[in-house]
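One structure follows; several queries about it will come next.
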Amino acid sequence: MYLRENAENASLIVGSSFVTLFLVWVYLIMFSEPKMVTDVKEGRSTLMCQMKDGWREIDSTKVVALDNSGYWIFTNGYAKNCTVK
């Protein structure tokens, strides 16, 4: 009986570990930033956006995110017509 309880506990621990690892993997895929956004934020790439007065280079410290609609979000606004160099 003791061995059976230990086997059940081990199965429960192994199963829980797999579920936990799977959930962490899903979280990382869904909520991690694309490399392009990270490169812009860290200054490895340059973000150029067309504004009312022409093309401007966006200060990397003002970049917040790239949303699902293709808008780059900044601390002081947003823009859609942008290119990364």
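The values are calculated or read from the model by the stated rules, or taken from the named source; none is laboratory data. What you see is a predicted model, and the numbers here were worked out from it, not measured in a lab. FYI the Cβ positions are ideal-geometry reconstructions off the backbone, even for glycines, and counts take in every protein chain you see.
Determine whether Arg44 is more than 20 Å from the chain's Cα centre (by Cα) and at pLDDT 95 or above. Write out each step before concluding.
Details: more than 20 Å from the chain's Cα centre (by Cα): no; at pLDDT 95 or above: yes.
No: the conditions fail for Arg44.
Of all residues in the range 46-76 being β-branched (Val, Ile, Thr) and not in a loop (DSSP other than H, G, I, E, B), which is nearest to Glu33 (Cα to Cα)? Let's see the steps before the verdict.
So in the range 46-76, the residues β-branched (Val, Ile, Thr) come out as 46, 58, 61, 63-64, 73, 75.
Then drop every residue that is not not in a loop (DSSP other than H, G, I, E, B), which leaves 58, 61, 63-64, 73.
On the way: Ile58: 18, Thr61: 16, Val63: 12, Val64: 11, Ile73: 13 Å.
Ranking the qualifying residues of the range 46-76, first place goes to Val64.
Cβ-Cβ distance below 7 Å, separation of 6 or more or different chains: which pairs start in the range 61-85 with a residue that is of a type in the set (Ser, Thr, Tyr) and end on one that is assigned to a helix (DSSP H, G or I) and at pLDDT 95 or above?
Listed by first residue and then by second, the contacts come to Thr75/Lys62.
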